[in-house]
Amino acid sequence: MNKPLEDILVIDLSQFLSGPSASLKLADLGARVIKIERPKTGDISRHMYISDVQMNGASSVFHAINRNKESYIADLKRPQDVAKILELIKKADIVMHNFRPGVMERLGLDYTTIQAIHPNVIYGEISGYGTEGPWKNKPGQDLLLQALTGMCYLSGNADMAPVAMGISLVDIATGGHLVQGLLASLIRRGVTGKGALVQVSMLESACDLQFESITCYLNDGHQLPERTLQNNANAYLGAPYGIYKTKDGYLAIAMTAVNKLGELINCQKLINYTDPAGWFTYREQIKAILGAHLSTESTHHWLAILEPADIWCAQVQSWRELLADISLKETIKTQRVVMQDGYSFETTRCPILINGQPMLSEKGTPTLGQDNEHIDDTLLADLIKEKSVNH
C-alpha cells in the first residue's frame, strides 16, 4: 500500500531520543528520513547503552529508534559540509533538530536562515526548556525533566522517595508532540502553501502529560497530591485503585465500587464501605483490608471471580509473560528488520493501522554514513558537479 507520507523528505539533525523518536514515526508513515550525523562517532546514542546489549556494533537504543532511516555524515563546523546540508534542505519538506538554543544560529542552520532559502519549509525544533527564560540552557534530559516537573511525586507510596518512570517518557512524549505539530503544518501547507516553525519543549510536554493532575492542582487551592501509604497507583484516585500482592504474584485493580468488590471476594469489612465519597477519604484503611485479603489466594483465583463480574482488573505481567501469550499474537506484533549488511533484529512496529493496513518496513538501522554516496549521486549531484568544475 502507499503510505501517507510517501514523497515527503525529512532532514533530521537530531540525536539522542526525543528528535529521533519523532523522525521514526514520520519514517514509519512513509517519509524519507535522512539522518545527519557527525563523522566518526555519529549520533551519541549509537554508543549510549541502557544495558549490555550491543547489536551489530551499536547500542540497542540507537537501533530501536533509528531504523528505516538513511545516514549522511557531515561535519557542521566545516563550511563545505554546511553547504551540502543547505542544498539538501532546499529539497526537503521538513527539517528538524533538538540542539540547545543558539546552536543552530551559530551553525547557520536556524529557521530564519533556512526560511530565506526555502520559504515553505516546515522547521521543527525540540528544546529542553524553551528558547527563552532562565532555564533555557539547562540540559534537556529525560530524568531531569521528570524531576523538575513534579512527575516523580506521583508514583510510589507515600513513605517512599520520589520515583521516576522506568522509561524515557518525556523524550517519547515530546517527540510525539513534535510529530503532531509537523503533520498539522503539512496539512496547512497543502492548503495555503505556507511553511511553519514548529517548536516543542520537553518542559511543556512533561507538564502536558500531567494535564489532569496539574489542572486539579490549579483549581483545588494549590493542594499537592498525596500518595497513599500502600498500593498507590494514582494519587488522585480513591480505593481500590492500585496494585496488590496476591499469594503468587500481583493484581491491578482500577476504579470499582468497594462494597461490590467486597461482596465478590467475600470480604465483609469492605462491604460496609457503601459511600463513594468514603472510598477516597478512607482509602488507606480500605487498601489495607483489601491487600490483606487478596494475599490469601492466587492471582488467577481472583481473576476467575472478578473478570466475569466485569471488574476492571489485570494480572501484573512481565514482558516475557505478555509476549508469550498466544492469544495476543494477532494483537501485539513485532517486526523483523534488516540492515544493509544483512544483520537483522526484531523490534516493535508502528502502532498505527490505516485502512486496516500496518505501517511496516523491513529497512533496518543505517550504519554510520552508509548513504553518503547515494545521496551525493542523487540529491546533491548538481552541487558536487559544480564544485568539481570550479576546482
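Spatially, region 136-160 and region 259-319 are offset by 31 Å when compared through their Cα centroids.
Structure remark: mean-square fluctuation, Gaussian network model of the chain, C-alpha springs under 10 Å; the largest value among Asp325, Asp208, Asp142 belongs to Asp325. Can you pull the percent of Cα pairs in region 242-316 with separation above 18 Å? For region 242-316, the share of Cα pairs beyond 18 Å comes to 30 percent. Every pair of different Cα atoms in region 152-290 enters the Kirkwood calculation, which places the hydrodynamic radius at 18.0 Å. Here the Debye sum runs over all C-alpha atoms of region 310-391 as equal scatterers in vacuum, and log10 of I(q)/I(0) at q = 0.14, 0.17, 0.19 Å⁻¹ comes out as -0.75, -0.91, -1.00.
Using only the alpha-carbon atoms of region 250-388 as identical scatterers, what base-10 log of I(q)/I(0) does the Debye formula give at q = 0.13 Å⁻¹? At q = 0.13 Å⁻¹ the computed log10 ratios are -0.78. Residues considered: Pro139, Pro276, Pro240. Largest GNM mean-square fluctuation over the chain, using C-alpha springs under 10 Å, is found at Pro276. Over region 12-71, the reciprocal of the mean inverse Cα-Cα separation, the Kirkwood hydrodynamic radius, stands at 11.6 Å.
Using DSSP to define loop residues, name the GluC sites (Glu not before Pro) in region 87-177 whose beta-carbon has at most 12 other beta-carbon atoms within 10 Å. Counting only loop positions with at most 12 other Cβ atoms within 10 Å, the GluC sites (Glu not before Pro) in region 87-177 are Glu132. About its Cα centre, region 242-316 has a charge dipole of approximately 200 debye under the convention of +1 per Lys or Arg Cβ and -1 per Asp or Glu Cβ, with nothing else charged. Taking Cα extents along the principal axes in Å as calculated from this structure, the corresponding entry among (1) 80, 50, 42; (2) 83, 50, 45; (3) 90, 49, 43 is (3).
Loop-resident trypsin sites (Lys or Arg not before Pro) (DSSP state other than H, G, I, E or B) in region 35-143 with no more than 15 further Cβ atoms inside 10 Å of their Cβ: Lys40, Lys77, Lys91.
Within region 53-192, the ratio Rg/Rh, alpha carbon atoms throughout and Rh by Kirkwood, equals 1.03. Gain on full extension, evaluated as 0.36 nm per residue between Lys247 and Ser318 minus their Cα-Cα distance, stands at 23.8 nm.
Using the rule -39500 (n - 2.57) for each DSSP H run of four or more residues, divided by the residues of the chain, the 222 nm mean residue ellipticity is -10500 deg cm²/dmol. Its relative contact order, with pairs defined as Cα atoms under 8 Å and 6+ residues apart, puts the chain at 17 percent. Who wins for biggest fluctuation among Val95, Val337, Val33 in a Gaussian network model of the chain, springs between alpha carbons below 10 Å? In this elastic network of the chain, the residue with the biggest mean-square fluctuation among Val95, Val337, Val33 is Val337. Taking GluC sites (Glu not before Pro) across region 275-377, the ones in a DSSP loop with at most 12 further Cβ atoms lying within 10 angstrom of their Cβ are Glu330, Glu362. Measuring how big region 83-161 is from its alpha-carbon positions, Rg and Dmax come out at 17.7, 57 Å.
Taking the Cα centre of the chain as reference, the dipole from Cβ charges on Lys and Arg (+1) and Asp and Glu (-1) amounts to some 380 debye. Modelled this way, with points 7 Å down the Cα-to-C-beta line, the labels at Thr274 and Glu307 are 3.2 nm from one another. At what distance in angstrom do the alpha carbon centres of region 330-366 and region 3-42 lie from each other? With region 330-366 and region 3-42 each reduced to a Cα centre, they are spaced 16 Å.
Here, each number is a calculation from the coordinates, and none is a lab measurement. Everything quoted here is computed from the prediction, not taken from an experiment. Cβ coordinates were reconstructed from backbone atoms using ideal geometry, including for glycine residues, and neighbour counts include every protein chain displayed.
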